[in-house]
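Trainee: Below is a structure I'd like to ask you about.
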Amino acid sequence: MRTRRFRAAAALAAAGALVLAACGGDDEEPADANGAANGDDADVEEPTSELPIVLGTTDTVTNVDPAGAYDKPSWNIAYNVYQRLLAVPLGETDPQPDAAESCDWVDDTTYSCTLKSGLLFSDGSELTAENVVHSIERQKAIEHESGGWELLATIESVEATDESTVVFNLSTADATLPYILTTAAASIVPMSYPADALQPNDQAFGSGPYTIESFDVTQQIQLGINANYSGDRPLNNSGVLLQFYQQESALKQAIEEGEVMIAYRSLSVTDIADLEENGADRGVNVVVGEGTEINYMVLQVSREPFDEPAVRQAIAQIIDRDAIAESVYRGTVTPLYGPVPEGVAGHVPSFQEQYGEPDVAAAEQILADAGVETPVSFDLWWMPDRYGAEIGDMYGEIERQLEDSGLFDVTLEQLSWGQYSTVFSDGSMDAFDLGWFPDFPDASNYIVPFFHTENFLNYGYSNDEMDQLIEVIRTDTDQDARVAAIEDATRIVAEEAPIIQLWQRDQIAAVRDGVTGVEETLDPSFIFYYNMVSGVEE
Amino acid sequence: MTEPVISVRDLRVWYGSERGPVRAVDGVTFDLRPGETLGLVGESGCGKSTLGRGVLGLLPRGAKLAGEVNYEGRNLVTASPKAIQRLRGPDLGLIFQEPLTRLNPLLRISDQFEETLRTHEPGLSKQDIRHRSIEVLRAMGIPPTRYRAYPHEFSGGMRQRIMIALALVLRPSFVVADEPTTALDVLVEAQIIGILGDLRRNFDTSLLFITHNLGIVAEACDRVAVMYAGRIVEQGPVTEVFARPQHPYTRELLRSTISLSTTGLHYIPGAPPDLIEPPSGCRFHPRCPSAMRVCPEQFPEQVEVGPQRVECWLHGPDELVPEGGREPLVREEITVADEA
Amino acid sequence: MATVTQPMPGPGRTPVKGSTRVVRLLRGIARPYRNSHGVGRFMLVTGTVLVVLMLLTAVFAPLIATFGFSQVAGADGQRFMNHAEPGAEHIFGTTTQGFDVFSRVVWGARTAVTVVLLALAFSLFLGVLLGLIAGFVGRWVDRVLVMVMDALFALPALLLAIVVAFLLSEYVGGGASTAALAITAVYVPQYFRVVRAATVSAKEQTYVEAARAMGARPATIMFRYLLTNVIQSVPVIATLNAADAILTLAGLGFLGYGIQPTEAAEWGYDLQRAVSDTGAGIWWTGLYPGLAIVLLVMGLTLMGEGLNETMNPAIRVRRLIPISMPELTAAQRTKAAQVPERDRPGQDRPVDTGGEDRNSREPGSGETGKGGAA
Amino acid sequence: MSTRTAGSLRTYLITRVVLFVPQVLVILTIVFVLMRVAPGDPVTVALGGQRSPEQLAQLRAAAGYDRSIFVQYWEYISGIVRFDLGTTIVDSRPVTQIFKVNGGATLTLTSSALVIALLIGVPLGLIAGRVRDTGLDAGLRVFGILTYAAPVFFLGLIFQLVFARNLGWLPSSSQASPLVLARVPSETNIFLVDALLAGDSAAFWNGVQHLILPALTLGLLLSGVFMRIVRINLIQTLRSDYVEAARARGVSEGNVVIRHAFRNALVPFVTILGLQVALLLGGAILTEQTFNWNGIGSQLVRYLDSRDYVAVQGIITLVALAVVTASLLIDIINAIIDPRVRY
């Protein structure tokens, strides 16, 4: 039934029976909110004004069950299929209720949420506090190898005190819990999901605006409208087709040929440049939204030569981020001068404040003052297969910048991600590249994992002042105090330079003429809300 | 005397090679009358097979053919390829040396007969074709039940009989049999010889029988031609030639044959001559036990000795032999050089 | 019935001095060229020219290339433009990274040649070694090796190379030797087959038996026999394999499992990077590395097929040599008196056969060797 | 007597099928060994760095990678017998599912490429062999070599540029337009068949349009190879004894060439066709990559990129099985068309 309805819509679009969507549709209910009950004549009642959106991507989706996914593309589907207790509304940075009516701290380690009433899963079952408990508990029980259950580590237990109230007991104070509850890891799943295994992808469903009609990660995922959705998100289309491409160039060709309406993640630098310049002739526009993906270089603080702060500072003094952004990325990334990217509360361009313009003489001075013999030689590692082909070009550029100063002797080394990921935290690399997508748009996500004495990089950085600031960031529920702590931490990072942030990348999408709503959804939360998009190509 | 079926005059077949032309057949003349069998003997590499194929115009690309092959008033050497192709089969037949590879392995025996008959007698009905083919096959001792079998299902001797049947189903008046029994065992050989003999008696077919087996020649042929280095050095009735060989080469060849009375092995010293640069004068002179001074100097004339025709200065017209030409030839160690 | 008797190389010949050995080697190399003709020669010569040009490019890459393969700025420190169109400074333009395309293509030749030579050396070594072992030892060793090699042969070459490259790169990173080893895995079975077959037949040769009976060391004789046998087929296989290896290398590079970009310039990788460019109307970054692959592979294939044509008796074509046939001398001619009516002068004008009969086997057909499929 | 053929054919087929088993076993062992010399175990490789060592150890144990290599080998082999090749690590798909879902695309691509290659390669090979050493032969051979020498991704790129981007005649990637894909229900996972089953001729036509460029690219690569093989076979056949014998019977040149030479030249070609399956699949990896064709090849690349050894091992295993099975089938076909084959 669902499938048939969807296909009818698709057929209409393909046949070119084109009625331009009246975009907008604020809080309107989907036209066929009760269509499911009407049964056979659903075809007739199909709204023709809203057609499925075809979105092409080079991303790889793994699992739609939140217990089995910890990657952006899969999460993004989860965000559109499930509801969470809280969500960060578009354009904002603070969590707001989604499935919850309200959420509040009971004390430092107890958090309580009240659910909205009348929420239904797409199969008609009710969403209650039990579902929240089930969702969290099975995450932690399954501990799936590609799941995001680690995010829920501070949740010791969850209980449903009544039909609509759920209480989280934390093992330690955690101010980021509201943010954690906005992630897909905290998506609320139906009770029919097994407690100890993943729900098959093609049988996944939730209470969010979309339902999965068909699921083939290698080619196409079809999302239809969840007739039972009663949340606040506007529905500007009648479904979404996710079309997968292996190569960026194929995705670009597809949007030029009109096979897809939106190309979102990823287009190559060249593709973007070409579309920006000539796309309009082919009916394609480039849409840029604030992005919070960052890339950085880790210096092995635990041993020579980077146990000497002056060496780290000298590097920070020399590196020319503008040159990287311009020559290598041709403006598709923005230089990043601090741990917290622009667009996230707490952003301070601390490196710029500390070091100013790239200056070889100043670097020479720093090294001379510290009595460091030059040139300083070290290995610099990067992986060719994780963050795009340009990473290699970037490290070529960095090598040149450092060596041209005459102060450094850099040996570039590379390793594929599989090996790289197993060794970067064992301290064997002098310096290495990594990238970071935030789990949620809170600055803590850019500080805590990196600069606490117990960090995931295991690179020997430890600073008591930093640890204290992190304690505040983690536990203080007063947002202003947290932001202040974040800004302080940011300055310490620039001063000590254990990690040198290089760039942050905007989210870039290409859309065909007539498609609207993409710009709105490209915000720092890194969630593509499909429901925002509407429009049919001419 | 009846008219010859085929009469070959000064036939030459040369091939190109890096070092110069290979004179595989270099001026050969013979006649064949209806029902007559001419045995063509000689060592390997003397041009026998080339002669057999040259008569039928079946030569590789790049070979040159000169002289005359007169058949029914036409010179086949100058006839168009199309015309010769039409003659091959109904008029001129060829039986090959190696029966195992001569039948298309993918076609049934019946297909191969049908093809042959259809080509030359397009009006024939399927029934007629079958009838005629089976008749010939039966004559060759192949049971009709095997008509639709594939070549690989037959033994070598049977395949050779099928090949013969294929050649004979069109009743050619002239057949070249190129060592048809070499690859077969003695019993089969006798069978085949018998069949070829029947053929001659029943259909008046003339046969050019190429072989290196003198025994077969004695048994199956009326006349024999001895070939050496692209020339027929002696030809005549089998009985005469075998009883009174006139050419030293024929003599040597006969001596080399093993028979019951043979006490020791005899061979002709030296190797067959180089056909690119054949020896001057008589081509056999480097190996000839009775070579004379004249032999390397001048090409021997053909002379008639009794019923035989011989190319040898021993019989040569005396008036052409120069002064002292009959002195024995003094040779350097030419045989050793040859062998090296 | 073979009409050309050539002196057989035998043991009785004078010992070969060093200089004559070189001469003989050169002669050996020149032989296919002298013996070839027609289309075969055209292919052989064209192929050789292409391959030699590429080899020279590879050897003299530092002299030919205007810049280093990862150089992005001129001597004056001025950065190259990204995606500069072909022009005076960059005759083939620049890439998305700002590399000089011409220099990348030139350095790429060096990479390709290095990898392929390494791969050929490895696979020859392994193939010969295993082939000898299988052939000599026989029994279950032979059977196991043959099975393994057949199995390797059955796997798609590119797939095998990808997997090996992928596994090796985890250990040793993606350098030229990794790529070479990956390609080696693909071609070992072919050399193994040739060498094993030659070894087995060498063992069965009667003169080896004879030599053994005479007390000579059979190994020496077998080795000589093997060498001549293997050496005959190796040039053809090696050139054709080299062509295939270039394609495999490029395929690996294109998929990203080949040589990593900071290690060397590699055409397949460059093509991969150029895919986006092509879509943006930037044709020069893809065209030149692509053409380089095509030219080198074509050169090697032409050469291999040309060699095959001259060296493989099964498909060798005899050169058609024009023959001038003089008139018969009076003595050779059959006397007019003995000739029946129709003999007239001028009748024996030579006639070329060949219009109809393209069969190019030697006269007396049966004796010509029948080779297997190429 | 007539039963002899049938009998020997039967014997041959039985021998051939019996030989199939050890052949497969050897290939499987090679694949297993190959994958096991890889550093680390599949779990560590795929998830290292994202999990703590304890968690990794736990996952390893759960997946059975802490057991002895022989136990693992036994599991692997017996799994294949049960047609169970494990579940991918990164996205938890049964490996057999990959073949069910993506096999259709590869099958469509390779079989249509094969047809194109046969349609182009065989006639050209016959012509070139017939007119050998003429200008036409030289031209055809250079064409054949050129198609072989141009890497599929280069040729594909040129095709995309010319026919898709510049001329706009054909789409450049995917099996069909996304909306068309969406509206055709997947019954067989072979898109063109599904479109026919659904009675959707527009979708079928859309699929055909999408198929043309990739099939042509892969087909051309193979056609050069086919041409070469057919040509050489024809040359050898034309100088065979039975062709000469046919000529000696006065069979017309046309019949000699068509009935005797062409047919017989194609028999060894069929034999060699078995080996070309490997080439076809190798080429398919690159073609799928170039044309965004979601077949087995692109899945292999995808799983290689995410270091999913279980998936990679499974895909290689199945590809190897496919190749061996294809060569078995071709040998059987060959035995049927060539009466000589017997053991």
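Trainee: For region A:291-506, what's the relative contact order in percent, using C-alpha pairs closer than 8 Å and at least 6 residues apart?
Mentor: 37
Trainee: Further, regarding this structure: Connecting C-alpha atoms closer than 10 Å in a GNM of chain D, tell me which of D:Gly254, D:Gly125, D:Gly103 has the biggest fluctuation.
Mentor: Answer for the Gaussian network model of chain D: D:Gly254.
Trainee: For the protein assembly as shown, with only Lys/Arg (+1) and Asp/Glu (-1) charged at the beta-carbon, what is the dipole magnitude about the Cα centre, in debye rounded to 20?
Mentor: 15120
Trainee: Now for a separate question. Could you pull out the trypsin sites (Lys or Arg not before Pro) across region B:273-332 that fall in loop regions by DSSP (anything but H, G, I, E, B) with no more than 16 other Cβ atoms inside 10 Å?
Mentor: Those that pass, being in a loop and sparsely packed, are B:Arg326, B:Arg331.
Trainee: Please compute the contact order of chain D in relative form: average sequence separation of alpha-carbon pairs under 8 Å and at least six residues apart, divided by the residue count, as a percent.
Mentor: It rounds to 28 percent for chain D.
Trainee: Based on alpha-carbon atoms only, what is the radius of gyration of chain A relative to the globular estimate 2.2 N^0.38 Å?
Mentor: 1.02
Trainee: A further question on this structure: Kindly point out which whole DSSP H helices in chain A project their C-alpha atoms 18 angstrom or further along the helix axis while averaging a Kyte-Doolittle hydropathy of -1.0 or above.
Mentor: Those that clear 18 Å and a mean of -1.0 are A:2-15, A:129-142, A:479-496.
Trainee: Please state the relative contact order of region C:27-311 as a whole percent: Cα pairs under 8 Å, 6+ residues apart?
Mentor: The value is 27 percent.
Trainee: Using a simple spin-label model with points 7 Å from Cα along the Cα→Cβ vector, what separation in nm is obtained for B:Glu72 and A:Phe456?
Mentor: For B:Glu72 paired with A:Phe456, the spin-label model returns 9.6 nm.
Trainee: May I ask you to give the solvent-accessible area per residue for chain A, in square angstrom, as obtained with a 1.4 angstrom probe?
Mentor: On a per-residue basis, 34 Å².
Trainee: In nanometres, what is the gap between the two model label sites at A:Asp369 and A:Asp426, each 7 Å from Cα along Cα-to-Cβ?
Mentor: Distance between label points: 3.8 nm.
Trainee: Could you work out how far helix D:95-130 tilts from the main Cα principal axis of chain D, as a 0 to 90 degree angle to the nearest 10?
Mentor: 20
Trainee: Can you order the peptides B:240-251, A:115-126, B:87-98, C:267-278 by their average number of other Cβ atoms within 10 Å per residue, highest first?
Mentor: Going from most to least packed, we get C:267-278, B:87-98, B:240-251, A:115-126.
Trainee: I've got another one for you. Please give the FRET efficiency for B:Arg118 paired with C:Ser324, using the beta carbon to beta carbon distance and R0 = 35 Å, rounded to the nearest 0.05.
Mentor: Approximately 0.25, to the nearest 0.05.
Trainee: Please give me the summed charge of the neighbours of D:Leu328: other residues whose Cβ is under 15 Å from its Cβ, Lys and Arg +1, Asp and Glu -1.
Mentor: My count for the surroundings of D:Leu328 gives -1.
Trainee: Volume per residue, Å³, of the convex hull around the alpha-carbon atoms of region B:143-286?
Mentor: Enclosed volume per residue, from the Cα hull, is 160 Å³.
Trainee: Ignoring everything except DSSP H segments at least 4 long, calculate the 222 nm mean residue ellipticity for chain D; use -39,500 (n - 2.57) per segment, divide by total residues, nearest 500.
Mentor: Taking each H run of at least 4 residues, the total per residue is -24500 deg cm²/dmol.
Trainee: Which residue, D:Leu216, D:Tyr303, D:Asn292, has the largest displacement toward the positive end of the dipole of region D:211-316 when charges sit on each Cβ (Lys, Arg +1; Asp, Glu -1)?
Mentor: Comparing the listed Cα positions along the dipole, D:Leu216 ranks first.
Trainee: Region B:32-120: which GluC sites (Glu not before Pro) are DSSP loop and have at most 12 other beta-carbon atoms within 10 angstrom?
Mentor: The qualifying sites are B:Glu72.
Trainee: Hand me the chymotrypsin sites (Phe, Trp or Tyr not before Pro) from region D:126-173 located in a DSSP loop with no more than 12 other Cβ atoms within 10 Å, in residue order please.
Mentor: For chymotrypsin sites (Phe, Trp or Tyr not before Pro) across region D:126-173 that sit outside H, G, I, E and B with at most 12 neighbouring Cβ atoms in 10 Å, the list reads D:Trp169.
Trainee: How many angstrom separate the Cα center of region B:218-246 from the Cα center of region A:74-104?
Mentor: What the calculation gives is 112 Å, centre to centre.
Trainee: With axes computed from alpha carbons, what is the tilt in degrees of helix B:109-120 against the longest principal axis of chain B, rounded to the nearest 10 within 0 to 90?
Mentor: The answer is roughly 80 degrees.
Trainee: Return the carbon/sulfur percentage of the accessible area of chain B, one whole number, probe 1.4 Å, all protein chains in place.
Mentor: 52
Trainee: Please give the helix D:201-238 orientation as an angle from the longest Cα principal axis of chain D, in degrees from 0 to 90, rounded to the nearest 10.
Mentor: For helix D:201-238, the angle is close to 50 degrees.
Trainee: Also, quick follow-up: Among the aspartates and glutamates, which have Cα under 19 Å from the Cα of B:Lys126 when same-chain residues fewer than 8 positions away are ignored?
Mentor: B:Asp111, B:Glu114, B:Glu115, B:Glu135
Trainee: Interface size between chain B and chain D, please: total buried accessible area, 1.4 Å probe, rounded to the nearest 100 Å².
Mentor: 2500
Trainee: Next up: Among the listed pairs A:Lys72/A:Lys116; A:Lys72/A:Lys252; B:Lys48/C:Lys203, which have their C-alpha atoms separated by more than 30 angstrom in this model?
Mentor: Flagged as over cut-off: B:Lys48/C:Lys203.
Trainee: List, in order, the whole-Hz ³J(HN,Hα) value for each residue of region C:35-45 obtained from phi through the Karplus relation with A = 6.51, B = -1.76, C = 1.60 and θ = phi - 60°; use x for Gly and Pro.
Mentor: 7, 7, 6, x, 4, x, 5, 3, 5, 4, 5
Trainee: I would also like to ask the following. Could you check the spin-label model distance between C:Val137 and D:Val81? Points 7 Å from the Cα along Cα→Cβ, value in nm.
Mentor: 2.9
Trainee: Rounded to the nearest Å, what's the spacing between the alpha carbon centres of region A:251-273 and region D:183-225? Just the number, please.
Mentor: One Cα centre to the other: 23 Å.
Trainee: Hey, how many Å between the Cα centroid of region B:95-114 and the Cα centroid of region C:59-126?
Mentor: Computed from Cα coordinates, the inter-centre distance equals 61 Å.
Trainee: Could I ask something else about it? Would you list the P(r) distribution for region A:291-506, with all Cα-Cα distances sorted into 10 Å bins from 0 and each bin expressed as a whole %?
Mentor: P(r) for region A:291-506, in whole percents per bin: 9, 36, 39, 15, 1.
Trainee: Here is a follow-up. At a 1.4 Å probe radius, which order do A:Glu304, A:Glu342 fall into by accessible area, largest first?
Mentor: Sorted descending by solvent-accessible area, the residues read A:Glu304, A:Glu342.
Trainee: Probe 1.4 Å, all protein chains in place: accessible area of A:Arg491 in Å², nearest 10?
Mentor: 100
The values are calculated or read from the model by the stated rules, or taken from the named source; none is laboratory data. The structure presented is a predicted model; accordingly, all values stated were derived computationally and were not measured. Because the Cβ atoms are built from the backbone with ideal geometry, glycine has one as well, and the counts that use them run over all protein chains shown. Just the protein is used for accessible areas: all its heavy atoms, side chains included, with ligands, DNA and RNA removed. Shrake-Rupley method; radii C 1.70, N 1.55, O 1.52, S 1.80 Å.
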